1. Just the residues that are within 14 Å of L2 (Cα to Cα), out of contact with any Leu (no Cβ under 7 Å at 6 or more places or on another chain) and not aliphatic (A, V, I, L, M), please, taken from region 14-35.
2. Evaluate the following for L44: is it crowded, with 19+ Cβ neighbours inside 10 Å and either within 37 Å of the chain's Cα centre (by Cα) or not polar (S, T, N, Q) (or both)?
3. Across region 53-64, which residue is modelled with the lowest pLDDT among those that are closer than 25 Å to K13 by Cα and surrounded by fewer than 17 Cβ atoms within 10 Å (Cβ to Cβ)?
4. Among the residues of region 110-151 satisfying the criterion of being outside any helix (DSSP H, G or I) and open to solvent by 100 Å² or more (accessible area, probe 1.4 Å), which is farthest from K71 (Cα to Cα)?
5. Can you give me the ranges of the helices (runs of 4 or more DSSP H) entirely in region 1-109 with at least 3 residues that are at negative phi and among the charged types (D, E, K, R)?
6. Is there any pair linking a residue in region 51-67 that is more than 25 Å from F41 (Cβ to Cβ) to one that is of a type outside the set (K, R) and at pLDDT below 90, with Cβ under 7 Å and at least six apart or on different chains, and which?
7. Here are some conditions: (1) closer than 21 Å to I15 by Cα; (2) under 29 Å from the mean Cα position of the chain (by Cα); (3) surrounded by 10 or more Cβ atoms within 10 Å (Cβ to Cβ). P50 meets all but one. Which one does it not meet?
8. So if I check each of N76, N89, which one is within 19 Å of E34 (Cα to Cα), at pLDDT 85 or above and either open to solvent by 100 Å² or more (accessible area, probe 1.4 Å) or acidic (D, E) (or both)?
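The values are calculated or read from the model by the stated rules, or taken from the named source; none is laboratory data. Since the model is a prediction, treat every value here as computed from it, not as a measurement. We place every Cβ from the backbone using ideal geometry, glycine too, and count neighbours over all the protein chains shown. These area figures cover heavy atoms from the full protein model, side chains too; ligands, DNA and RNA do not enter into them. Shrake-Rupley method; radii C 1.70, N 1.55, O 1.52, S 1.80 Å.
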Amino acid sequence: MLLDGLPPNANPKQIGAKLNEIANKARTAGDYREIGNQYGFQLLVKTELPKDNSTLERVNRFFITGEGNIKYTYNNGLMAKDPETAAMNFLRALEKLPGFVKQEQEKIAEIQKDLPILQEVVNGTWAKESRLSDLKTELAAVERKIQLSITPETKQDASEQAEKQNEAPKVQESIIRTKGVHSPRGVL
């Protein structure tokens, strides 16, 4: 492991002490800052503020990242206080990689099983598309028949209403005309 500010032949106690010093003093303002490398992986630190902002206590989290810019941690990125344990932090994060690789390979294998079916669905045509088109045509024909059967009745209803309206004034006229007629008393 090569840490910035330490000689290449530093022992685990020196490495752990330096990591604890970084954990106590680093202030990255939420950005990732490179602090060294190990086996071609970058070692990073990031200063985080608590989400509830109830205290001003900052937490430094440590990450190891490779080519894919995927960041791995051990112990949720927190550094152990013991120098020898702290020196092993990044190695333990790397030890988790085979398990991650296996999980991803299982996911890929599962997805590849479904791939031919999904490609068939995407590239194929819907088998019932012609049936749906026929049903839509049939529906349109039935709707036209319904409209045609309703329309004459509506015209008849309208003519009947007009006739009733014409009759209503005649009834009113007869009432008005009869008002002026006097019948003799005693005749009923």
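1. Matches in region 14-35: G16 only.
2. The answer is yes for L44.
3. Checked region 53-64; the qualifying residue modelled with the lowest pLDDT is R58.
4. Restricting to residues being outside any helix (DSSP H, G or I) and open to solvent by 100 Å² or more (accessible area, probe 1.4 Å), the top hit is K128.
5. Of the helices (runs of 4 or more DSSP H) lying wholly inside region 1-109, those with at least 3 residues that are at negative phi and among the charged types (D, E, K, R) span 12-25.
6. E57/P50
7. (1)
8. On inspection, the qualifying residue turns out to be N76.
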